[in-house]
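Read the figures in this text as sums done on the coordinates, not as results from a lab. In this text, all values refer to a predicted model and were calculated from it rather than measured experimentally. Note that each Cβ is placed from the backbone with ideal geometry, even for glycine, and that neighbours are counted across all protein chains shown.
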Amino acid sequence: MRTIVTVSGMQAVHCVRAVQTAMALVPGITWCEVTIGRVDVEHDGRATATRLRDAIAVAGFPVSAVRDERRLPIIDAS
């Protein structure tokens, strides 16, 4: 599962590092990319919107939006 989080107030590299560190506390994350204003997370389903919001709040930033992307399996039609 992939979740995209929009984060307000991030304006510098140290903000990115703080959020990246906070993401390490969330169970179930298998991959995470943090950029200014955005966090892309791949996880096994345990990284709920509430857990992500709480972790980012610990880093000192408010979450503007959380969007889950569910990927369909690729089916080989040949």
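Within the chain, the longest segment free of exposed loop sites, counting trypsin sites (Lys or Arg not before Pro) that fall outside DSSP classes H, G, I, E and B and have at most 16 other Cβ atoms within 10 Å, spans 1-45.
A simple rule links phi to the HN-Hα coupling: the Karplus curve 6.51 cos²θ - 1.76 cosθ + 1.60 with θ = phi - 60°, which for region 34-42 gives 10, 10, 4, x, 8, 10, 9, 10, 10 Hz, with x for Gly and Pro.
Return a whole-number percent for the relative contact order of the chain, with Cα pairs under 8 Å and 6 or more residues apart as the contact set. Relative contact order for the chain comes out at 44 percent.
Quick check: from the Cα gyration tensor, does the chain come out rounded (a/c under 1.5), prolate or oblate? In terms of gyration-tensor shape, prolate.
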